[in-house]
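So the structure is just underneath, and the comments pick up after that.
Any read-out appearing in this document is the output of simple, stated calculations on the displayed coordinates, not a laboratory observation. Owing to the predicted nature of the structure, the values given are computational and were not obtained by experimental measurement. Positions of Cβ are backbone-derived with ideal geometry, glycine not excepted, and every protein chain shown enters the neighbour counts.
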Amino acid sequence: MKAIVLLILLATPLYGVMGPNLSESEGEMQAPMLERALTALTPQHVLHLPIREPKARYLVRVDRDGTVADYVCLEASHPELLRRGAARIERAVFKPATMNGEPIVADTVAIVHFTDPTEQYTVVQSGLEHIESMLYEMRPGDRDAPGFRESGPNELDAPLELVDRKDQYKPVDDEGEPVLGKAVISGYVDHEGRVRMVRVHSSEGHEAVEAAALQSFLGWRFEPPKRDGDPTVVPVRMPFVYR
């Protein structure tokens, strides 16, 4: 049995949850909710840049116990906010989504707001930070525009390049026999080249095929995508065919 794969880049964002679209599901659904607002300190070498209300927006998968199962940053005021934003998202606690009163896995959007630590102490700007500030000021465009954002396939500096495919899984039934079929998996390639927020976009309905395709895609690594030389994130769709 051979798995055939073909990468498809999408020009539109991918939202939703693993499994059926909740908006189309029968029953009463309650979306996940944050227990408290998400804040983090603005990195010192970003403070001097002309950014008003720095923030980062994430697509987050919330597990049944309210913890974060996966996430991807879709937009941030500056790329330097990504590390601290990710650390805050990983510690976030949600009230999980429910369907007819039962907790379920669901996706939601969460925003990390960054605060100014100079309200508590004085920051001395280094020579390197001063140079960075000057270069940032020289960049064209609206200073309030996101410094990091999602890109479409035609906006990348180069096509996505696959560099590693670890832990490829093959679908088998309960008796260990190979299962044939096809599943299309959607997700994102983040700014570090990792596959994030995978879900079944479509399939022929065999759970073993879906599970193998999901786990296989998560093991892939790409060259970090760039847009105009800056890091970015790109939505992708991947068909897996098992013959």
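The table for this structure:
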{"item": "Region 50-105 versus region 145-205: alpha-carbon centroid distance in Å", "result": "20 Å"}
{"item": "Cβ-based exposure ranking for Leu34, Leu180, Leu59, in which fewest neighbours within 10 Å come first", "result": "Leu180, Leu34, Leu59"}
{"item": "Peptides 74-87, 164-177 ordered by average Cβ neighbours within 10 Å, highest first", "result": "74-87, 164-177"}
{"item": "Counted charge near Pro171, where neighbours are those whose Cβ lies closer than 12 Å (Asp, Glu -1; Lys, Arg +1)", "result": "-3"}
{"item": "Phi-based couplings in Hz for region 220-237 (Karplus 6.51, -1.76, 1.60; Gly and Pro marked x)", "result": "7, 10, 10, 4, x, x, 10, 9, 6, x, 9, x, 8, 10, 9, x, 9, 9"}
{"item": "Per-residue Cβ neighbour rank within 10 angstrom, fewest leading, Glu192, Glu161", "result": "Glu161, Glu192"}
{"item": "Square roots of 5 times each gyration tensor eigenvalue, C-alpha, region 61-115, largest first, Å", "result": "25, 10, 9"}
{"item": "Ranked list, fewest to most other Cβ atoms within 10 Å of each Cβ, for Ser203, Ser151, Ser216", "result": "Ser203, Ser151, Ser216"}
